[in-house]
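Working notes for the structure below.
The values are calculated or read from the model by the stated rules, or taken from the named source; none is laboratory data. As the structure is a computational prediction, the values presented were derived from the model and not from experiment. Cβ atoms come from the backbone with ideal geometry, glycine included; neighbour counts cover every protein chain shown.
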Amino acid sequence: MKMRNTIIYSLVIMLAAFWIGIPNGFANSEQGLRYSCSAQVYEAFENSRLQLFTAKTGIPVDLFIASSNSCIYRVMQDMTDVASSTRPIYRRHKDYGLIEIPFCKDPLAVIVNKALPVDELTSDQLRGIFSGSIANWKEVGGPNLKIWLVVPHADTGAHKNFRRQIMKHKDIQYDYMTYKSTSVLDAVEGLPIGAVSFVSKGAQVIHPEIKVLSIDEKKPGDSDYEYYQIFYLISKGKPAGSIAKFVDFIKSKEGKSIIKERGMLPME
C-alpha cells in the first residue's frame, strides 16, 4: 500500500508539473527556460531570436504565447520563469516581486490591405475611424468602401496602448475582435479591402499583403513618429541563471541586431 501511494504521489507531481508548464518538474533550471511571450513580441522577432539563443547557450526554451496580461499573470503565479509584455506592470504586480526590463521601442502601426488606395491619415481621422464616427473611406479621401474595424482583445498590450495613446482613453469600436493581437494581420488580409487595424510594426514585416499607413505625414520608424510601444521582459525578482543569460543575450550585439532588422529600436 505504501509503494502504491508513493507511485500515485509521483504521478500527481508529474501531472502538476506538466499542467503548469515546468519542464521536467524544475523551475528556472539550466536545463531549460520557461518563457511566456506576448503574441506581438513573438511575431515581431522571437522565432529567429529564440533559435539563436538556444544555439549560443545550449538552453532550450519552453515557449508559451498569449496576451501580455496572461504572460504577466503566469510570472506572478510561478507558472513561467520570464515573460515578455507590450505594456508595463502595475503597482500590484510589484507587490508580488515582479520587475520589468525594457528592451525594445516598437512603432505601433496602423495597417490596411495593400489594395486599399489610402496611404495616410491624420490622428484626428484615426480617432474618428476607431470611435465609429467615420464609417466610410470616402470620408478620409479614399474610395466608397465601408470601414471594417478589426481590433485585438482588450487584454492585449496593443489594445491598451492604442486606447491610451491614440484614443486618449476613449472606447475603441470594432466589427471584429481577435483573441491574439497578431491575429489582426490575418483578419485584415482575409476581410474585404476596407478592413483596418493596428499592431506591432515588427510583426507586419512578414505579411506582404499588408501595408502600414503614415499618420500625420510620418511613418512608423521615423524619428519623430509619435506612437510607440515599449517591449518589456518581466521576471520575479532579479534575473538569475538561465533568465539572466536570456536578458544578457537580448541586450547583446546579436540580440539588438534582430530588433533593428525589424525596424524597431533596441533599448539599454
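Quickly run through region 28-56 and pick out the residues that are surrounded by fewer than 16 Cβ atoms within 10 Å (Cβ to Cβ) and free of Cβ contacts under 8 Å to residues at least 24 places away in the same chain. If the condition is that a residue be surrounded by fewer than 16 Cβ atoms within 10 Å (Cβ to Cβ) and free of Cβ contacts under 8 Å to residues at least 24 places away in the same chain, then ASN47, GLN51, THR54, ALA55 are the ones that fit. Please go through region 62-119 and give me each residue that is over 16 Å from PHE45 (Cα atoms), touching a Ser or Thr at 6+ places or on another chain (Cβ under 9 Å) and of a type in the set (A, V, I, L, M), ordered by number. Within region 62-119, ILE72, VAL75, MET79, VAL82, LEU98, ILE99, ILE101, VAL110, ILE111, VAL112 meet the criteria. Scanning region 236-245 for residues that are touching a strand residue (DSSP E or B) at 6+ places or on another chain (Cβ under 6 Å) and not charged (D, E, K, R) returns SER242, ILE243. Considering region 173-204, and only residues there that are under 15 Å from the mean Cα position of the chain (by Cα) and among the aliphatic types (A, V, I, L, M), the residue that is surrounded by the fewest Cβ atoms within 10 Å (Cβ to Cβ) turns out to be LEU185. Checking VAL184, VAL150, VAL199, VAL205 one by one, the residue that is outside the structural domain of SER84 (by TED's automatic domain parsing) and at pLDDT 95 or above is VAL150 and no other.
Any chance region 57-77 includes a residue that's in a helix (DSSP H, G or I), touching a residue at least 60 places away in the same chain (Cβ under 8 Å) and in contact with a Cys (Cβ under 8 Å, 6 or more places away or on another chain)? The answer is yes; a qualifying residue exists. Of VAL61, VAL112, VAL82, all but one fail to be in the same structural domain as SER183 (by TED's automatic domain parsing), touching a helix residue (DSSP H, G or I) at 6+ places or on another chain (Cβ under 9 Å), of a type in the set (Val, Ile, Thr) and crowded, with 17+ Cβ neighbours inside 10 Å; the exception is VAL112. LEU145: surrounded by 15 or more Cβ atoms within 10 Å (Cβ to Cβ), touching a Gly at 6+ places or on another chain (Cβ under 8 Å) and aliphatic (A, V, I, L, M), yes or no? Yes: the conditions hold for LEU145.
Just so you know, in region 37-64 the residues that are among the aliphatic types (A, V, I, L, M) and modelled with pLDDT of 95 or more include one that is nearest to SER252 (Cα to Cα), and it is ILE59. Tell me, please, whether a residue that is in contact (Cβ under 8 Å) with a residue 40 or more places away in the chain, part of a strand (DSSP E or B), hydrophobic (A, V, I, L, M, F, W, C) and more than 19 Å from ILE215 (Cα to Cα) can be found in region 117-134. Within region 117-134, none of the residues are in contact (Cβ under 8 Å) with a residue 40 or more places away in the chain, part of a strand (DSSP E or B), hydrophobic (A, V, I, L, M, F, W, C) and more than 19 Å from ILE215 (Cα to Cα).
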